[in-house]
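Student: Sharing a structure here in structure tokens format.
The values are calculated or read from the model by the stated rules, or taken from the named source; none is laboratory data. No experiment lies behind these values; they were computed from the predicted model shown. Note that we place each Cβ from the backbone using ideal geometry, even for glycine, and neighbour counts take in every protein chain shown.
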Amino acid sequence: MWGICRRTMVKVGMAKPCGLTKPSHLVKPVSATRVAGRYLTHQQGLPQLPVPPLQQTCERYIMALEPIVEVDELKYTKELVEDFQKAGGVGERLQRGLEKRACNTENWLSEWWVRLAYLEYRMPVVVHSSPGLVLPHMNFSDKQGQIRFAAKLIAGVLDFKTMIDNETLPVEYLGGKPLCMNQYYEVLSSCRVPGLKRDSVVNHARSSPSPKHIVVVNNSQFFVLDVYNSDGTPLTVDQLSLQLKRICSSSVAKCTEPVGILTTQHRDSWGRAYINLIKDKTNKESVDAIQRSIFTLCLDGAMPAVSEEMYRSSAAVQMLHGGGTQWNSGNRWFDKTLQFIIGEDGTCGANYEHAPAEGPPIVALIDHVVEYTRKPEMVQPPMVPLPSPKKLHFSITPEIKRDIEEAKQNMNKLAQDLDIRVIMFGHFGKNIPKAYKMSPDAFIQMALQLAYYRMYQRCCATYESASLRMFRLGRTDTIRSTSSASAAFVKSFDDPNKQNAEKVDLMEKAVKAHRSYTNMAINGQAIDRHLLGLKMQAVDDKLSIPDLFKDAAYAKALHYQLSTSQVPSKTDCVMCFGPVVPNGYGVCYNPMNNHINFAVSSFNSCEETNAADLAQAVEDALLDMRKLLEQNPRAKL
Ligand code: COA
């Protein structure tokens, strides 16, 4: 079955040892017309996610705890682990259950993971779950420029959509192996829907007829914009510009209630408010139109003026949560899987709801769109008259008004609480670690470990996302960046009693240990999802939860004070997200060849943390690590 795909797809980066390989710009579809069944054939050729051996996970779990828990705690946990994995014990029973589940499902993990990590996670999606993406500043600074750029952006997304619809997207590779492409089919025409205890995601892409409109938000008002002509061809950039102008001129005043702000609420509150909102027929029709739309496009108003140095940080605020109700937080529908955001001043980016996909497919789509907007404009065919875009109406009862007011207050508190700092580290990028024959990602992760250790004189549980897309319907596992090797490295780095040669040796060992954990994770052999699976199996089998999962060390291992992710791109952009614990940091980075973009977030309500301080400490750590290598004759280029 692989044969068909091999013949039809563009093969890129097959020989590469590692690294997620994206097709080069502009992505050329493998065929101009539909290749029906290609997607399914590709998917069926992918391996299934394995269940790692029980003993291996137990051993590796203890190793992962060593640098982050006390000696006494570790001793106790070792006893629990022994008991859990003993012959004929509960661990073996759960392992058998998991293996059976793996035989009977396409992916034993994905459904549980989406449910637990997203749909049953009740914190607001805004800041706590949905990442923002900051694009480079675009070349316009007024309403007219905003509209023209928005029109090109829509055309670019529709161009990419053609490849999804035709099943002609070039397959991506990681470490020479083909990746699951499912997430690309989940991001357009889909939307999260709030529930009372659990949310769901609706995907209209495969419904018949499939959606032909996007929703444009301007001044917190929603409009349906049909983006295809009646003959099925996409609207031209001129046609789109005209329609966007019409939308802007019929939504000048900010006189309506910002209904979209409801999507920023705690999920239980939004779930209750949602039932009430859609009781009304008009409201239901309006919400349906948003949910069914291909994506939303938010034409933003101004944001507070900031210095040039703070520009990217302010743009990150705009993409992550809109800045609060006096700025753009009401100009969104945060449940929508994909929202493009365009300011009048040339600030652009996106926000996406995380349940259907990880960052890399979103970034691949956006890379394509940005490249598309840079193409010289073609001569446009004569304009066909079009009906005006339809405004979506909402009837606001006193109860809905109360919900909106409550959502506004909570959103403003959250906006006040979030501190975010975006920096462009310009001294070097992937080039330097590569020159020293080190994995750039591992090098950056070790710089983060060093920065954190210098600030707090301790190591903390650290999460880095690893792609499981080598497997069918694969999502992510955790790379635990804090290891005994990383702890030895950071503890020695500023120790005047240690020789440089020894420090270099410890750095190399720490970098290698990280890369080896990465390989283990992307091959489905990491510990975190396996442990989660064993716990979920106990729930499914209606067994009492094993003590291992009630242990303080397990809670400590999951309290990620550093939650990190690499999201690489062709465009010079950076993704950003909030911390996952109140006293933690969220760190997302995009390593380019000669520089690295970082977005660091923390909460102001936590006195211990400070995004700017960590960002500075990371810069210092990267420079000091390079200096050490340069000074040491052993670490030759
Ligand atoms: N010497 C020289 N070069 C090396 C090297 C070494 N020892 N080790 C790696 N490299 C090179 C690679 O070949 C690659 O080259 P390229 O730039 O030409 O592609 C480059 O350095 C980058 O490799 P590395 O830094 O090791 O990272 P990676 O690209 O393999 O990525 C992960 C590592 C963990 C980020 C990746 O496997 C992954 O899982 N990505 C998905 C994460 C995700 O889903 N994030 C989003 C969550 S929302």
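Student: Somewhere in the range 376-393, is a residue under 18 Å from residue 217 (Cα atoms), surrounded by fewer than 16 Cβ atoms within 10 Å (Cβ to Cβ) and among the charged types (D, E, K, R)?
Tutor: Yes - at least one qualifying residue is present in the range 376-393.
Student: Would the range 137-151 turn up any residue that is free of Cβ contacts under 8 Å to residues at least 12 places away in the same chain and in a helix (DSSP H, G or I)?
Tutor: If we filter the range 137-151 for residues that are free of Cβ contacts under 8 Å to residues at least 12 places away in the same chain, which is where we start, we get 144.
Checking the rest, the ones that are also in a helix (DSSP H, G or I) come to 144.
Scanning the range 137-151, I find at least one residue that is free of Cβ contacts under 8 Å to residues at least 12 places away in the same chain and in a helix (DSSP H, G or I), so the answer is yes.
Student: Report yes if residue 450 is more than 8 Å from the ligand (Cβ to nearest atom), in a helix (DSSP H, G or I) and either aliphatic (A, V, I, L, M) or over 18 Å from the mean Cα position of the chain (by Cα) (or both), otherwise no.
Tutor: yes
Student: Quick test of your reading of the structure: residue 536 fulfils all but one of (1) over 21 Å from residue 122 (Cα atoms); (2) not in a loop (DSSP other than H, G, I, E, B). Name the failing condition by number.
Tutor: Checking residue 536 against (1) over 21 Å from residue 122 (Cα atoms); (2) not in a loop (DSSP other than H, G, I, E, B), the one that fails is (1).
Student: Would you be able to tell me the number of residues in the range 304-360 that are under 27 Å from residue 144 (Cβ atoms) and among the aromatic types (Phe, Trp, Tyr)?
Tutor: Of the residues in that region, 4 qualify.
Student: Another one. Identify, please: which residue in the range 476-505 is more than 16 Å from the ligand (Cβ to nearest atom), among the aliphatic types (A, V, I, L, M) and surrounded by fewer than 21 Cβ atoms within 10 Å (Cβ to Cβ) and is, among those, nearest to residue 113 (Cα to Cα)?
Tutor: Only one residue tops the list, namely 487.
Student: Next question. Against the conditions (1) touching a residue at least 40 places away in the same chain (Cβ under 8 Å); (2) part of a loop (DSSP other than H, G, I, E, B); (3) more than 30 Å from residue 404 (Cβ to Cβ), where does residue 209 fall short? Just the number, please.
Tutor: Only one criterion in (1) touching a residue at least 40 places away in the same chain (Cβ under 8 Å); (2) part of a loop (DSSP other than H, G, I, E, B); (3) more than 30 Å from residue 404 (Cβ to Cβ) is unmet by residue 209, namely (1).
Student: Mind listing whichever residues of the range 596-609 are over 13 Å from residue 581 (Cα atoms) and in contact with a strand residue (DSSP E or B) (Cβ under 6 Å, 6 or more places away or on another chain)?
Tutor: Correct list: 596, 597, 598, 599, 600.
Student: Report yes if residue 488 is among the hydrophobic types (A, V, I, L, M, F, W, C) and without any contact (Cβ under 8 Å) to a residue 40 or more places away in the chain, otherwise no.
Tutor: Here the answer is yes, as residue 488 does meet what is asked.
Student: Please indicate, with yes or no, whether at least one residue in the range 301-324 is closer than 18 Å to residue 138 by Cα and of a type in the set (Lys, Arg).
Tutor: yes
Student: Can you name the condition, by its number, that residue 508 falls short on among (1) within 13 Å of the ligand (Cβ to nearest atom); (2) surrounded by 18 or more Cβ atoms within 10 Å (Cβ to Cβ); (3) under 28 Å from residue 361 (Cα atoms); (4) charged (D, E, K, R)?
Tutor: Result: residue 508 passes all but (3).
Student: Quick one: what pairs do we get from the range 176-189, first residue touching a residue at least 12 places away in the same chain (Cβ under 8 Å) and within 9 Å of residue 203 (Cβ to Cβ), second surrounded by 22 or more Cβ atoms within 10 Å (Cβ to Cβ) and of a type in the set (Phe, Trp, Tyr), C-beta under 7 Å, 6+ apart or different chains?
Tutor: The qualifying pairs are 188/295.
Student: Does residue 517 satisfy being closer than 21 Å to residue 109 by Cα and more than 13 Å from the ligand (Cβ to nearest atom)? Lay out the reasoning, then the answer.
Tutor: Details: closer than 21 Å to residue 109 by Cα: yes; more than 13 Å from the ligand (Cβ to nearest atom): no.
Judged against the criteria, residue 517 is not a match.
Student: For the range 323-355, how many residues are crowded, with 24+ Cβ neighbours inside 10 Å and free of Cβ contacts under 8 Å to residues at least 40 places away in the same chain?
Tutor: Residues that pass the stated criteria total 1.
Student: Among the numbered conditions (1) part of a helix (DSSP H, G or I); (2) under 30 Å from residue 416 (Cβ atoms), tell me where residue 626 comes up short.
Tutor: Every listed condition holds for residue 626 apart from (2).
Student: Among (1) within 30 Å of residue 604 (Cβ to Cβ); (2) in a strand (DSSP E or B), where does residue 477 come up short?
Tutor: Status for residue 477: all satisfied but (1).
Student: Of these, 483, 492, 516, which one is of a type in the set (S, T, N, Q), under 20 Å from residue 623 (Cβ atoms) and modelled with pLDDT of 95 or more?
Tutor: 492
Student: Residues to consider are 76, 61, 39; find the one that is over 33 Å from the mean Cα position of the chain (by Cα) and part of a helix (DSSP H, G or I).
Tutor: 76
Student: Do any strands (runs of 3 or more DSSP E) lying entirely in the range 337-445 carry at least 1 residues that are within 13 Å of the ligand (Cβ to nearest atom) and under 30 Å from residue 185 (Cβ atoms), and which ones are they?
Tutor: Ranges flagged: 348-352.
Student: Taking the range 532-560, which residues are within 26 Å of the chain's Cα centre (by Cα) and either away from the ligand (no atom under 16 Å from the Cβ) or among the charged types (D, E, K, R) (or both)?
Tutor: Correct list: 532, 533, 534, 535, 536, 554, 555, 556, 557, 558, 559.
Student: Among the candidates 469, 529, 458, which residue alone is within 16 Å of the ligand (Cβ to nearest atom), at pLDDT 95 or above and not in a helix (DSSP H, G or I)?
Tutor: Of the residues listed, the single one that is within 16 Å of the ligand (Cβ to nearest atom), at pLDDT 95 or above and not in a helix (DSSP H, G or I) is 469.
Student: Now for a separate question. Can you work out which of the residues in the range 235-269 that are touching a strand residue (DSSP E or B) at 6+ places or on another chain (Cβ under 6 Å) and modelled with pLDDT under 95 is surrounded by the fewest Cβ atoms within 10 Å (Cβ to Cβ)?
Tutor: For the range 235-269, the residue satisfying everything is 256.
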